[in-house]
Structure formats: structure tokens, C-alpha cells
Amino acid sequence: MKPIALTPRLLAVAELVSAGTRFADIGTDHAYLPVWLLQHGVIDHALVTDLRQGPLERARMTAEKYGQTQHMDFRLCDGLEAVHPYEAETIAIAGMGGETIASILSAAPWTKAQSCQLLLQPMSAQPELRRWLQKNSYTIEREILVREGRTIYTIFLVCPGPMPELTAGELWAGRQQSGEASPLRMEYLTRLLKQVEHAVSGLQKSSRSEDAQRLAELEQVYLDLQRMKKE
């Protein structure tokens, strides 16, 4: 049977999964990622969850279409609620907002106790997610940038352990690992600079006292992103 095709975003996540790991895909939707991993022999079983019945049924349909139903376990639950610690070593949470991902991990502290490898792909609120990971003693070992259409996505490879404090700019753009310069890094920083510049411009017009602190924070982010781009 012809292998399932993954989008660049999901393929980048798939390439981080270690062979033979106990794998869980949280918020699986169509289950394209676990089915691809099974087809390519990276894993021999996948546990998939979704919050809603509709997406979980779509996951079952994908598994049936590609002959992988017997290798998958489907669970209707919120995040990792119905996943037991011994069932997962590698956990993918892709396509959700950063604050939702943080909430899922907050409710499952065993992911840290069990030294799980986390593959996180936030669609929004990346500074908030990085801040939460840092505060809760998770470390981002790698950040991978991938283009899909006109969007640049970021995938975090996360493991338990203290992370050196991120600067204001690194909370927004991540820390570039030595020797792993991404060809998309400059474009990504440029996009973030425009985004922060737009936010700063709006806050400068505000007379609300509560916006003053946010303005000062974003001005520091802007300066730090400029420094990072020059480096």
C-alpha cells in the first residue's frame, strides 16, 4: 500500500521520533503522523487521543484505510488524561496553541518524572510556552523551523531538566543551537521583528497605564531580536 503523505510540518515532527519508542499522539485529529510512523517501521504501536469524538473517528478511518488499526489504541480524552505513564516515552502534541500545550503538560507531571521526550509544535503563544517550560524545569534541546506554504512553523524537542534562562528575544524566537543554523532563521527573525514592531507601535498610542509595562517588555524584545539577527 502507498505510504501516507505528511505535510512538511508533520514530517519534521516524525523525523524526531526515535525508533522503537512507545509513542503517543495527543490531539491526533486524522492520525496521519502515527500512521506514517507505523508504515515506515519507526514504531510498532501508537496510542492516539483526541478531545472530541469527530476527530477520533477520523483517526480510526485513517488507520483502517492504511491497515494499521490493530497497531493503534484510540482514546477519547482531554490531553493526556487517559494515558498512563508506562504507556508513552515519546509524546507528540502538534497543531495546538502554546497555552493549551502548557495546560496539557501541567495536568500530566509524570511526563517529567518519567523523562519523556516531548515533540511540541505550537501554533501560537510560543513565548508563553517557552516561559512555562523554563519555569517548570523542562529544557528545549532543539528547535526546528519548517516552511509550509507561507507559514514558518517551529517544532520543539523537549526533555525534562533545567533550561538556562532565555533572554527576552529568545522567549519569542528560541535559542539557536551552535552548529544548527537554520536557513529559515533570518526570515523567521525578520517576521518576528515586524510583528513586535507593529505591537509596539500600537501600544505607544495607548494612554492606559497597564499598557506601559507591556510596551517596555516588547521594546526589550525588539532590541534583543535585532541583536540576534545581527549575530
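Values for this structure:
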quantity: Cleavage-rule hits, trypsin sites (Lys or Arg not before Pro), the range 74-182, DSSP coil, Cβ neighbours within 10 Å at most 13; calculated: Arg150
quantity: Over the chain: Kirkwood hydrodynamic radius from C-alpha pairwise inverse distances, Å; calculated: 18.8
quantity: Carbon + sulfur, % of accessible area of the chain - ligands and nucleic acids excluded, 1.4 Å; calculated: 50
quantity: Whole-angstrom Cα spans of the range 144-195 along principal axes, big to small; calculated: 34, 20, 18
quantity: Residue-count net charge about Arg75 - beta-carbon cut-off 15 Å; Lys, Arg +1, Asp, Glu -1; calculated: -4
quantity: Cleavage-rule hits, GluC sites (Glu not before Pro), the range 147-203, DSSP coil, Cβ neighbours within 10 Å at most 14; calculated: Glu165, Glu180
quantity: Local electrostatic count, Thr100, Cβ distance below 12 Å [Lys/Arg +1, Asp/Glu -1]; calculated: -3
quantity: Largest to smallest accessible area among Asp73, Asp78, Asp44 [probe 1.4 Å]; calculated: Asp44, Asp78, Asp73
quantity: Principal axis box of the range 149-231, alpha-carbon based, largest edge first, Å; calculated: 44, 33, 24
quantity: Total lysine pairs under 22 Å (Cα atoms) in the chain, excluding pairs fewer than 8 apart on one chain; calculated: 5
quantity: Solvent-accessible area of Cys159 with every protein chain in place, 1.4 Å probe, in Å² to the nearest 10; calculated: 30
quantity: Qualifying trypsin sites (Lys or Arg not before Pro) for the range 200-231 [loop in DSSP, other Cβ within 10 Å: at most 12]; calculated: Lys205, Arg208
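The values are calculated or read from the model by the stated rules, or taken from the named source; none is laboratory data. Only a predicted model underlies this, so the values are computations on that prediction, with no experimental measurement involved. A quick note on method: Cβ atoms are made from the backbone with ideal geometry, for glycine too, and the neighbour counts reach across all protein chains shown. Heads up: the accessible areas ignore ligands, DNA and RNA and are worked out on the full protein's heavy atoms, side chains in. Shrake-Rupley method; radii C 1.70, N 1.55, O 1.52, S 1.80 Å.
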